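Peer 1: Got a structure for you, written out below as structure tokens; questions coming shortly.
Throughout, read-outs are computed from the coordinates displayed, never taken from laboratory work. Model, not experiment: these values are computed from the prediction. Here Cβ is always computed from backbone atoms with ideal geometry, including for glycine, and neighbour counts include all displayed protein chains.
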Amino acid sequence: MTAETTAVATLGGGCFWCTEAAFEQLAGVVSVRPGYMGGVDPAPTYEKVCGGATGHAEVVQIAFDPAKIDFRTLLTAFFAIHDPTTPNRQGHDVGTQYRSAIFHHDETQRELAQALIGELDAQGLWSAPIVTEVVPATTFHVAEDYHHGYFRRNPWQGYCQAVVAPKALKIRHLFADRLAV
């Protein structure tokens, strides 16, 4: 597979350990990298981002093969694994770094994201409206090495058991026909 046949999606849905663990299970996903986007600090670190002053969101950048999985399916999975109605929080994780955000890489992604948000809001799946930001992608800052594959390497860690594992399992149930082998 070449760069010409790979597309990119950048999504912020709370802790990037959760989103990485969920998306890397899907067939057609080539890679999932945790990182930071949407802030002002030119050199964000986990400690700075967690402090809330950089303006960055914890995100995953997903390289995917659009012939095997499309952007809309990725967004459907995204909305299935986090609460898009809570501004600047996911569960006990609170702060702008945990905001729900779709960082679009082109006009088509922006249009698809906004259309899906409208459809989901109209379905009334949540008791509050979706507050997910749909904003242009900016510089992606790759997270520190110890964040990559965190759930795979630490499945018995408390946070992983309580928060990450249920989201990964939800993807396995909802997208059973779309899982990588």
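Peer 1: Net charge within 13 Å of V142 by Cβ-Cβ distance, Lys/Arg positive one each and Asp/Glu negative one each, not counting V142 itself? Write down the numbers at each step before the final one.
Peer 2: On the way: positive: R33; negative: E20, E58, E144, D145.
Computed value for this residue: -3.
Peer 1: Output ³J(HN,Hα) for the stretch 99-106: one whole-Hz value per residue in order, computed from phi by the Karplus curve 6.51 cos²θ - 1.76 cosθ + 1.60 with θ = phi - 60°, and x for Gly and Pro.
Peer 2: 5, 7, 8, 10, 9, 7, 9, 6
Peer 1: While we're looking at this one, here's another question. Highest GNM mean-square fluctuation, the chain, Cα pairs closer than 10 Å: which of G149, G91, G124?
Peer 2: Looking only at G149, G91, G124, the biggest GNM fluctuation is shown by G124.
Peer 1: Is the C-alpha gyration tensor of the chain telling us rounded, prolate or oblate? Criteria: a/c under 1.5 is rounded; beyond that, a/b larger than b/c is prolate, otherwise oblate.
Peer 2: In terms of gyration-tensor shape, rounded.
Peer 1: Taking the Cα centre of the stretch 3-178 as origin, sum charge times position over the Cβ atoms of Lys and Arg (+1) and Asp and Glu (-1), and report the length of that vector in debye to the nearest 20.
Peer 2: Here the stretch 3-178 has a charge dipole of around 480 debye.
Peer 1: Which of E47, E58, E24 ends up with the largest GNM mean-square fluctuation for the chain, with Cα atoms connected below 10 Å?
Peer 2: Highest fluctuation among the options: E47.
Peer 1: With the contact rule set at Cα under 8 Å and sequence spacing of 6 or more, what percent relative contact order holds for the chain? Let's see the in-between values first.
Peer 2: On the way: 338 pairs, mean separation 57.8, N = 181.
Relative contact order for the chain comes out at 32 percent.
Peer 1: Taking other Cβ within 10 Å of each residue's Cβ, how do I102, I81, I130 sort, fewest first?
Peer 2: I130, I81, I102
Peer 1: Which residue fluctuates the most in the chain, going by a Gaussian network model with Cα springs under 10 Å, if the choices are A22, A77, A162?
Peer 2: Among A22, A77, A162, the largest mean-square fluctuation in the Gaussian network model of the chain belongs to A162.
Peer 1: Residues with beta-carbon under 14 Å from that of R110, excluding R110: net charge, scoring Lys, Arg +1 and Asp, Glu -1?
Peer 2: -3
Peer 1: Where does the charge balance sit around P44 when Lys and Arg score +1, Asp and Glu -1, over other residues with C-beta under 12 Å from its C-beta?
Peer 2: Residues near P44 contribute -3 overall.
Peer 1: Enumerate the amide H contacts of S31 below 5 Å, restricted to partners 5 or more residues apart or on another chain; note that Pro and chain-start residues carry no placed amide H.
Peer 2: Here A63 satisfy the definition.
Peer 1: Then there's this: Give me a comma-separated list of calculated 3J(HN,Hα) values for the stretch 5-13, in order, Karplus coefficients 6.51, -1.76, 1.60 applied at θ = phi - 60°, integers in Hz, x for any Gly or Pro.
Peer 2: Once θ is set to phi - 60°, the couplings for the stretch 5-13 become 9, 10, 10, 10, 10, 10, 10, x, x Hz.
Peer 1: Also: Given the -39500 (n - 2.57) contribution per DSSP H run of 4+ residues, what per-residue ellipticity at 222 nm results for the chain, rounded to the nearest 500 deg cm²/dmol?
Peer 2: Helix contribution divided over all residues of the chain: -9000 deg cm²/dmol.
Peer 1: Can you list the HN-Hα couplings for the stretch 148-163, worked out from phi with the Karplus curve (6.51, -1.76, 1.60; θ = phi - 60°), rounded to whole Hz and with x for Gly and Pro?
Peer 2: These are the phi-based 3J(HN,Hα) values: 6, x, 4, 5, 4, 8, 9, x, 9, 5, x, 4, 4, 5, 7, 10 Hz.
Peer 1: Moving to a separate point now. For the stretch 47-126, with the dipole built from +1 on Lys and Arg beta-carbon atoms and -1 on Asp and Glu ones, taken about the Cα centre, which of H56, W126, T76 lies farthest toward the positive end?
Peer 2: Value: H56.
Peer 1: Mind sorting E4, E119, E20 by how few other Cβ atoms lie within 10 Å of their own Cβ, fewest first?
Peer 2: E4, E119, E20
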